[in-house]
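Asker: Could you have a look at this structure, given as structure tokens, before my questions?
The values are calculated or read from the model by the stated rules, or taken from the named source; none is laboratory data. Since we're looking at a predicted model, the values are computed, not measured. FYI the Cβ positions are ideal-geometry reconstructions off the backbone, even for glycines, and counts take in every protein chain you see. When the accessible area is computed, the model is the full protein with side chains, heavy atoms only, and any ligands, DNA or RNA have been set aside. Shrake-Rupley method; radii C 1.70, N 1.55, O 1.52, S 1.80 Å.
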Amino acid sequence: MEINTIITKVLNGTILAVKSVTPFSLDVQTPSLIRQPFEQESISILIGMTGDIRGRIIIEGTNGCMIKIGESMFGMPLEGEMLESFAAELGNMLAGNIATSLAGENTLIDITPPTVIVGCGQYQNVWIS
């Protein structure tokens, strides 16, 4: 499978996943390529993909953004370990929905359990391998 086709499938699956998981309207803009290394600002969720598409998905947001998403979904602000747990579950829901969307296009992937990364740092090789 061509890399452009893979990226398009993952992006389309991501848009569908975010629309179905979060209670917000979504304004989709033109995607951009992030050159390595990836610099994390606040809180990120890392999920691996295996199968027809191999690589990693990183969902990044600020603590404030994650708090607002959690509050809109659960009716209360989340902090500390609860916020990190929520971020992991949000990542798991999004990646699971992406996998389901791709399966509908005859592209099979499995996802790894989410890893929550908190703090600042640089990471190498973080997009589709």
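Asker: To the nearest µm²/s, what D does Stokes-Einstein give for the chain at 20 °C and 1.002 mPa s, using the Kirkwood radius over alpha carbon pairs as Rh? Kindly include the intermediate steps, with their values, before the conclusion.
Answerer: Details: Rh = 15.2 Å.
For the chosen part, D equals 141 µm²/s.
Asker: In region 1-42, what percent of the accessible surface is made up of carbon and sulfur (1.4 Å probe, ligands and nucleic acids excluded)? Could the numbers behind the result be given before it?
Answerer: Numbers: 1640 of 3130 Å².
Roughly 52 percent of what the probe reaches on region 1-42 is carbon or sulfur.
Asker: Could you tell me the relative contact order of the chain? Use alpha-carbon pairs under 8 Å, at least six residues apart, and round to a whole percent. Present the calculation step by step, with values, prior to reporting the outcome.
Answerer: Details: 193 pairs, mean separation 50.3, N = 129.
Relative contact order here is 39 percent.
Asker: Between the alpha-carbon centers of region 51-68 and region 72-108, tell me the distance in whole angstrom.
Answerer: Centre-to-centre (Cα) distance: 9 Å.
Asker: If you don't mind, there's one more thing I want to ask. Between Met76, Met93, Met66, where does the largest GNM mean-square fluctuation fall for the chain, given springs only between Cα atoms within less than 10 Å?
Answerer: The residue that fluctuates most here is Met76.
Asker: So for region 1-104, taking the charge dipole from beta-carbon charges (+1 Lys/Arg, -1 Asp/Glu), which of Cys65, Ser85, Gly55 sits furthest toward the positive end?
Answerer: Selected residue: Gly55.
Asker: Please compute the Cα-Cα pair-distance distribution of region 32-105 with 10 Å bins starting at 0, giving whole percents from short to long.
Answerer: Calculated P(r), rounded to whole percents: 17, 44, 30, 9.
Asker: Name the most mobile residue of Asn97, Asn12, Asn63, meaning the one with the largest mean-square fluctuation, in a Gaussian network model of the chain with Cα contacts below 10 Å.
Answerer: Asn12
Asker: For region 1-74, what is the relative contact order in percent, using Cα pairs closer than 8 Å and at least 6 residues apart in sequence? Each step should come with its number before you reach the end.
Answerer: Details: 42 pairs, mean separation 17.5, N = 74.
24 percent.
Asker: Now for a different question. In nanometres, what is the gap between the two model label sites at Val21 and Cys65, each 7 Å from Cα along Cα-to-Cβ?
Answerer: 1.3 nm
Asker: What residue among Leu94, Leu108, Leu26 has the largest mean-square fluctuation in a Gaussian network model of the chain, using Cα springs under 10 Å?
Answerer: Judging by the Gaussian network model, the answer is Leu26.
Asker: Can you give the longest stretch of the chain with no exposed loop site, where a site means trypsin sites (Lys or Arg not before Pro) in a DSSP loop (not H, G, I, E or B) with at most 15 other C-beta atoms within 10 Å? Working shown, then result.
Answerer: On the way: sites that count: Arg35, Arg54.
It works out to 55-129.
Asker: For the chain, report the accessible area per residue in Å² (1.4 Å probe, heavy atoms, rounded to an integer).
Answerer: Result: 61 Å² per residue.
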